[in-house]
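Engineer: Questions regarding the structure given below will be posed in turn.
The values are calculated or read from the model by the stated rules, or taken from the named source; none is laboratory data. From a predicted model like this one, the values you see are computed outputs, not experimental measurements. Cβ placement follows ideal geometry from the backbone for every residue including glycine, while neighbour counts extend to all protein chains displayed. To get the accessible areas, we keep the full protein, side chains included, count just its heavy atoms, and leave off ligands, DNA and RNA. Shrake-Rupley method; radii C 1.70, N 1.55, O 1.52, S 1.80 Å.
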Amino acid sequence: MEKGGGGVTEKVSEVAVDGGTGGVAKGNASIKNEFLTTKEKFHEFIDSKEEKGCDDDKDKQRTAAFAEEPASKKLKLEMEEKSKGWKHDGKRPRGQNKSRPHVKPTTYDDKQLCPSVLKENRKCNFGDKCRFYHDVAAYMATKPSDVGKNCYLYDTFGKCFYGITCRFAKAHTSPDFKSTENEDLVKAYADRKVVKNSLDKDLQIRLRKHLVPFEKSAKYLKTIVKDQQPGKQSGNGDAPAAQISVQSPTAEGVLTSTVPGTEANTETKIPMKTVGPLTDADVIKLRPCEKKQVDFQDKLYLAPLTTCGNLPFRRVCKRFGADITCGEMAMCTNLLQGQQSEWALLKRHESEDLFGVQVEGCFPDTMTRCAELINDHIDVDFVDINSGCPIDLVYKKGGGCGLMTRTRKFEQIVRGMNYVLDVPLTVKIRTGVQEKSCIAHKLIPEMKQWGVSMITLHGRSREQRYTKLADWGYINTCSQLASPIPLFGNGDILSYEDAMKARETGVSGVMIARGALIKPWIFTEVKERRHWDISSSERLDILRDFSNYGLEHWGSDTRGLEKTRSFLLEWLSFLCRYIPVGLLERAPQRINERPPYYMGRDYLESLMASQHVGDWVKISEMLLGPVPKNFNFLPKHKANAYK
């Protein structure tokens, strides 16, 4: 599984325990002998403790579904092999998502209720051609049964925005299918904006029609002059970044700005006409020290994790003490096109008091315009450039880690974004691209001159991915070079002891990525300097909170419910790696140590330790009800069952 922007790319092989007698294979965590077991005994115990009332025949069918791929997938693969003439020589495209059957969210319900009925019986624009239900009674007859008695949205906000389509509708629906409201709670949230940075429909239309002006960006991009002198072209063909100096007024009301000329040590003056009296803002550009300041010192930073770092997950981590949160990596071109799915990555919950967004791009024009768009239309405390993403899709275009080898373009992007932003600009980088060629120490002194407010360094190269431990000695060297600019270190932090050792290197703070996925309460452990032997019931409560936050974020109808389940299963693939402190022979658990097969102190703790996707689904069913028959996410997660 690959994730960009501080995400995860790992391969962990399955290692069995020698007979369950305490002989642990190399690379496995050290667990007390009385808890160790074998793979066969572990799954036998899990399967023997099914919940009461479970249909044995249905359970057997579900287990069989996990054991082999769906027939539709096999058939599609065989047809593709025959049509394309593939031979069994290993050249057929492979991957967990290749030819996987995709079920659209709209197919979760056989037939949906028309939105016009939900919105106070407004007139349907499609008339008789509408393919949705207009008869509420007919829709209720085909609607899937409710999965719970209490609706989290109704109990929190006083009303459910999904009405009778909610999968908890009985909690707020009268016998005649009318939605009820709690007036006191509705008034309490009337003027309160819980989630910010939603995409305005008018802005989306203007973006798609290219009607949004980017005046600051255009002004900066005009100053980028290519060095045309022979023999002075950069090795990668990139032009040098513009150097904008402080403007000075003239007697005739004209401002002049200096731009590098074609001759050495010469400057070209560009007159800019002004209208009206001159002000301080006209004469002097906003200096970095006058921008909005953010105190990054000694903070715990939750990494911007692609897929798993969604808003509900950030809310969970915020509860446990994360100081800084950042949205998932967003593509600047998609933001400029007004894509709703990409703008959803910028949403900010009211609990996120220190929040930033991370953008990815490889060209100065799109990145500068994107920064101006963010600056003018959403509420953030800082903007982060992802120049550490290792995935091929981003790297081959020149973005992510590719920016580290394209220093001229990198400089143009940083200077341009810094020019249009009123908030600090931060950068996330790796040690380099190749394993044995670190280049971060060369870039950091230059980035200080470009105007970067904070740097985050992941202690691995793109080539290493997660096959090696993070190089904190190198991070320490880079932190000294970055001073006085704060530098955050990232890599292999799974306990408060790891965080304390990281702080001894001289970094200004630590960024936590996989450690937060494996145990989100790590922020509490670091701040209280202790190992938390959290119980299985407390961990289930955390998952229940995540599920409720997911229903609030993605919706409590069938579509939102199953989307919440998808992200919950994705997160459970990391949570299963956590080993309770009370079971460890030696604390703390190391992030590069694989958990062997062990029995927990109760059934739920053992279930949460399972690395089989079927057991993750069982946990999701405890929180979100049974899985629908046509919800075909299982092949994807089965491929990730043993990471």
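Engineer: Based on the alpha-carbon gyration tensor of region 282-394 and its eigenvalue square roots a ≥ b ≥ c, which shape applies: rounded if a/c is under 1.5, prolate if not and a/b is larger than b/c, or oblate? If you can, show how the numbers build up before the last one.
Structural biologist: On the way: a/c = 1.68, a/b = 1.11, b/c = 1.51.
Oblate is the answer for region 282-394, as a/c is 1.5 or above yet b/c matches or exceeds a/b.
Engineer: Using only the Cα atoms of region 487-643, what do you get for the radius of gyration and for Dmax, in Å?
Structural biologist: 16.7, 53
Engineer: Let me ask you something else. Kindly write out, for region 30-42 in residue order, the coupling ³J(HN,Hα) from the Karplus curve 6.51 cos²θ - 1.76 cosθ + 1.60 (θ = phi - 60°), rounded to whole Hz, with x marking Gly and Pro.
Structural biologist: Taking θ as phi minus 60°, the curve returns 8, 10, 4, 4, 5, 9, 6, 8, 9, 4, 5, 5, 5 Hz for region 30-42.
Engineer: Hey, rough spin-label estimate for Asp379 and Met622, points 7 angstrom out along Cα→Cβ, what's it come to in nanometres?
Structural biologist: Each label point lies 7 Å from its Cα, and together they span 3.6 nm.
Engineer: Using a 1.4 Å probe on the protein chains only, how many percent of the accessible area of region 383-514 belongs to carbon and sulfur? Mind dumping the intermediate values first?
Structural biologist: Values: 2010 of 4340 Å².
Roughly 46 percent, rounded to a whole number.
Engineer: Between Val194 and Ala218, what's the calculated FRET efficiency when r is the beta-carbon distance and R0 is 30 Å? Round to 0.05. Don't skip to the end; give the middle numbers.
Structural biologist: Values: r = 36 Å, r/R0 = 1.19.
Step by step, r from the Cβ atoms, then E = 0.25.
Engineer: Alpha carbon centre of region 381-433 versus region 491-508: separation in Å?
Structural biologist: 25
Engineer: Wrap a convex hull around the Cα atoms of region 443-497, take a quarter of its surface area, and give that in square nanometres.
Structural biologist: Working: hull surface 17.7 nm².
Quarter of the Cα hull surface area: 4.4 nm².
Engineer: Starting from the eigenvalues of the Cα gyration tensor, five times each then square-rooted, give me the equivalent ellipsoid semi-axes of region 449-577, largest first, whole Å.
Structural biologist: Details: eigenvalues 213, 66, 40 Å².
Taking √(5λ) for each eigenvalue gives 33, 18, 14 Å, largest first.
Engineer: Work out, step by step, the length gained on full extension between Asp533 and Lys178: first 0.36 nm times the residue separation, then minus their alpha carbon distance; give nm to one decimal. It would help to have the intermediate numbers written out before the result.
Structural biologist: Numbers: separation 355, 0.36 × 355 = 127.80 nm, distance 4.65 nm.
This chain segment gains 123.1 nm when fully extended.
Engineer: Follow-up. When you have a sec, figure out the Kirkwood radius of region 147-223 from all distinct Cα pair distances and drop it here in Å to one decimal? If you can, show how the numbers build up before the last one.
Structural biologist: Details: mean 1/r = 0.0628 Å⁻¹.
Every distinct Cα pair counted, the radius reaches 15.9 Å.
Engineer: What number do you get for region 344-383 when its Cα radius of gyration is normalised by 2.2 N^0.38 Å, N = residues? Each step should come with its number before you reach the end.
Structural biologist: Numbers: Rg = 10.9 Å, N = 40, 2.2 N^0.38 = 8.9 Å.
Its radius of gyration relative to the 2.2 N^0.38 Å reference: 1.22.
Engineer: Could you tell me the largest-minus-smallest coordinate of the C-alpha atoms of region 508-565 on each of the three principal axes, in descending order and whole angstroms?
Structural biologist: Taking max minus min along each principal axis of the Cα atoms, region 508-565 gives 42, 30, 15 Å.
Engineer: Continuing with the same structure: Sorted by average packing, counted as other Cβ atoms within 10 angstrom per residue and highest first, what order do 386-397, 512-523, 474-485 take? Numbers along the way, then the final one.
Structural biologist: Details: 386-397: 20.3, 512-523: 24.8, 474-485: 17.9.
Output ranking for 386-397, 512-523, 474-485: 512-523, 386-397, 474-485.
Engineer: Which whole-number percent gives the relative contact order of region 487-642, counting Cα pairs below 8 Å spaced six or more residues apart?
Structural biologist: On the way: 171 pairs, mean separation 34.4, N = 156.
The value is 22 percent.
Engineer: My understanding is that a pair violates if its Cα-Cα distance is over 31 Å; which of Lys201/Lys292; Lys49/Lys468; Lys396/Lys468; Lys397/Lys468; Lys396/Lys436 do that in this structure? Working shown, then result.
Structural biologist: Working: Lys201/Lys292 28 Å; Lys49/Lys468 39 Å; Lys396/Lys468 23 Å; Lys397/Lys468 26 Å; Lys396/Lys436 20 Å.
Flagged as over cut-off: Lys49/Lys468.
Engineer: Counting C-alpha atoms alone, how compact is region 350-408: give Rg to one decimal and Dmax as a whole number, in angstrom.
Structural biologist: When restricted to Cα atoms, region 350-408 yields Rg and Dmax of 12.9, 38 Å.
Engineer: Based on alpha-carbon atoms only, what is the radius of gyration of region 384-480 relative to the globular estimate 2.2 N^0.38 Å?
Structural biologist: Values: Rg = 12.8 Å, N = 97, 2.2 N^0.38 = 12.5 Å.
Cα-based Rg divided by the globular estimate yields 1.03.
Engineer: Next question. Suppose R0 equals 30 Å. What FRET efficiency, 1/(1 + (r/R0)^6) with r the Cβ-Cβ distance, do Asp155 and Val581 give to the nearest 0.05?
Structural biologist: Values: r = 34 Å, r/R0 = 1.12.
About 0.35, to the nearest 0.05.
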